1. Over chain A, what is the mean sequence separation of C-alpha contacts under 8 Å (at least six apart), divided by residue count, expressed as relative contact order in percent?
2. Taking DSSP loops as anything outside H, G, I, E and B, show the longest stretch in chain A free of trypsin sites (Lys or Arg not before Pro) there with at most 15 other beta carbons within 10 Å.
3. Please give the average number of partner chain Cβ atoms lying within 10 Å of the Cβ of each residue in A:34-43, rounded to a whole number.
4. How large, in Å, is segment B:1-108 by the Kirkwood hydrodynamic radius built from its alpha-carbon pairs?
5. Hey, which aspartates and glutamates would be in cross-link range of B:LYS51, C-alpha to C-alpha under 20 Å, not counting anything within fewer than 8 residues on its own chain?
6. Provide, for chain A, the number of lysine pairs with alpha carbons under 13 Å apart, each pair being eight or more places apart or on different chains.
7. Dipole of chain B, Cα-centred, from +1 at each Lys and Arg C-beta and -1 at each Asp and Glu C-beta, to the nearest 20 debye?
8. Residues of A:93-103, mean number of Cβ from any other protein chain within 10 Å of their own Cβ, rounded to a whole number?
Amino acid sequence: DQQVKQNSPSLSVQEGRISILNCDYTNSMFDYFLWYKKYPAEGPTFLISISSIKDKNEDGRFTVFLNKSAKHLSLHIVPSQPGDSAVYFCAATGAGSYQLTFGKGTKLSVIP
Amino acid sequence: NAGVMQNPRHLVRRRGQEARLRCSPMKGHSHVYWYRQLPEEGLKFMVYLQKENIIDESGMPKERFSAEFPKEGPSILRIQQVVRGDSAAYFCASSPRTQGGDTEAFFGQGTRLTVV
């Protein structure tokens, strides 16, 4: 039973355009959400997070949007750069919990 | 300030052998988490340890797997009598406090275990 779902295994975007990566969750106890970026043969690197008390968090080119009623979040990267090409994992955790529940990841390819 | 160090990076074991995976947390971090990533899957939580204590091992298979984080030295994830299904990437993460909210865990580069 997948509690965090990333339904697009891959995404290709032209350099300079917007990349939108989507994530859905089913567990209503999740209240903190994170995005990790992972290059091949490396560990996940924290990118950006959002608490359930917010609906938007921005950090430079990266913005995460949270729609609690739809149990949906998205990561926007603007403008996309070739160095953004990586696998992006959505993760979630609940109040008082330290366990991260990860999605399967979306492989982003930014084409120069 | 070195990050989370895992070794070896790659480990090949024959079926039935033992695998030992090591994780040295970041300096100042006393909380360690192990995750496993099977091919084409996301990372799955295995175990959470603090120095000399296993806090939560709910994600660990009941048999053959064990973890420790001694007072001195790295955390060890031990897999006895490995089988092909154990082939995966094993990631360790560490944090200065219990991860959650604004306390982020930092991941190591992982150990890729291949069972032949």
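1. Values: 271 pairs, mean separation 41.7, N = 112.
37 percent.
2. Numbers: sites that count: A:ARG17, A:LYS54, A:ARG61, A:LYS68.
Result, exposed sites excluded: A:69-112.
3. Details: counts 2, 0, 3, 0, 5, 1, 0, 6, 5, 15.
That average works out to 4.
4. By the Kirkwood definition, the hydrodynamic radius is 14.1 Å.
5. Reachable aspartates and glutamates: B:GLU68, B:GLU72, B:GLU104.
6. On the way: A:LYS5/A:LYS71; A:LYS5/A:LYS104; A:LYS37/A:LYS104; A:LYS37/A:LYS107; A:LYS38/A:LYS104; A:LYS38/A:LYS107; A:LYS54/A:LYS68; A:LYS56/A:LYS68.
Eligible lysine pairs with Cα atoms under 13 Å apart amount to 8.
7. It works out to roughly 500 debye.
8. Numbers: counts 4, 1, 2, 3, 5, 15, 11, 10, 4, 7, 3.
Taking the mean over all residues of the peptide, I get 6.
Values quoted throughout were computed directly from the atomic coordinates according to the rules given, and no laboratory measurement underlies them. Everything quoted here is computed from the prediction, not taken from an experiment. Note that we place each Cβ from the backbone using ideal geometry, even for glycine, and neighbour counts take in every protein chain shown.
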